[in-house]
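A short reminder: the numbers here are calculations on the coordinates, not readings from a lab. Computed from a prediction, not measured in an experiment: that's the story for all the values here. Reconstructed Cβ throughout: ideal geometry from the backbone, glycine too, with neighbour counts over all protein chains shown.
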Amino acid sequence: MHQKQWVVPDRSGYSTLTKQVGIVSLANGGPLLSSTRRAAMPVDYNSREPPHRVKQEFSPNHRHVPFFTLNILGKPSGRSISDRLLPQGRKKAERKIKHYILGMFSGIIEEFATVTAIRKDRENIDFTLKCSFVDELKIDQSVAHNGVCLTVVSIENGEYTVTAMKETLDRTNLGLLKVGDKVNVERSMLMNGRLDGHIVQGHVDETARCIALEDANGSTYFTFEYPENREMALKGYFTVDKGSVTVNGVSLTVCNPTANTFQVAIIPYTFEHTNFCDIRIGSVVNIEFDILGKYIARLQQI
């Protein structure tokens, strides 16, 4: 991996730190990820190399305004590494890289989408849905549905269609959907904004079943149970008290976890603006465990 960074002035007197990170390899014509951050206060410098003051200003302890863009910089000579690794060529490789970087979510649900049609296509199912931002969608865009990252394949007459394959249907609750059901939807997050929830991949790990509901003087405690599996727990598939978990795409804080159950507290706003309002004892939900816990569990095994 190739990485370099430099500082350039701008007219406002604020310094800008530009960092380029080679996703594959700069030497082999691989694409670069370019991110730019602006300092929260003017920084005086005379060199293009980041001096101590600039490094301080861009440290995690200082405020900055993030800008995040994916750029394919430069024209490679000869056949690039992405051409060699992927037979479909550089363009498809770049699109895949862009999807992996930008296809993330925060667990902050935008609204309901209503299922208007369901069509089975061999082992796949096409879901057609309607919501307020259909006109803003594009073909090939990633949208999380009950926490499942699906690709928009068609937009027509104020509705859009996504396809779920057999693996997705087996692992999630999408196969239980009926026409008229409400689905929590969230478009992939913009990298120049706040992360209000937590890092959600849109890769549901398994389903859980609601086993209890408890009123908490305005809020509601939901208790969910999933199959206990020691082997999967060692891989990071578990919850921790005050940690994060995604339930039907909603970023939530864990309460009272056990080996195979956990509670979440739902405030009235979340209850009204997500399909938690439809969850009853026995309802099946999608859960995604925190990716940070999975990485830590994996590091312990290496």
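Tell me the chymotrypsin sites (Phe, Trp or Tyr not before Pro) within the range 202-273 that lie in a loop according to DSSP and have at most 15 other beta-carbon atoms within 10 Å.
Passing sites in the range 202-273 do not exist.
Does the range 100-190 come out rounded, prolate or oblate by the C-alpha gyration tensor, with a ≥ b ≥ c the root eigenvalues, rounded set by a/c under 1.5 and, if not, prolate when a/b is larger than b/c and oblate if not?
Rounded, since a/c falls under 1.5.
Applying a threshold of 19 Å to the alpha-carbon distances of K130/K178; K182/K242; K138/K178 flags K182/K242; K138/K178 as lying beyond it. For the range 144-212, taking the reciprocal of the average inverse distance between every pair of different Cα atoms yields a Kirkwood hydrodynamic radius of 13.9 Å. Within straight-line reach of K294, meaning a Cα separation under 12 Å, sit the following aspartates and glutamates at least 8 residues removed in sequence or on another chain: D205.
Would you mind estimating how fast the range 188-302 diffuses translationally, via Stokes-Einstein at 37 °C and 0.692 mPa s with the Kirkwood radius over Cα pairs, in µm²/s?
Numbers: Rh = 14.8 Å.
Translational diffusion coefficient: 222 µm²/s.
For the range 221-302, relative contact order (Cα pairs under 8 Å, six or more residues apart, normalised by length) works out to 37 percent. Let's test this: bin the Cα-Cα distances of the range 203-250 at 10 Å from zero up to the farthest pair and state each bin's percent. Taking all Cα pairs of the range 203-250, the binned fractions are 19, 53, 23, 5 percent. Working note: Karplus 6.51/-1.76/1.60 with θ = phi - 60° gives the range 126-140 the couplings 9, 9, 9, 9, 9, 8, 6, 9, 4, 5, 8, 6, 10, 4, 6 Hz, where Gly and Pro are set to x.
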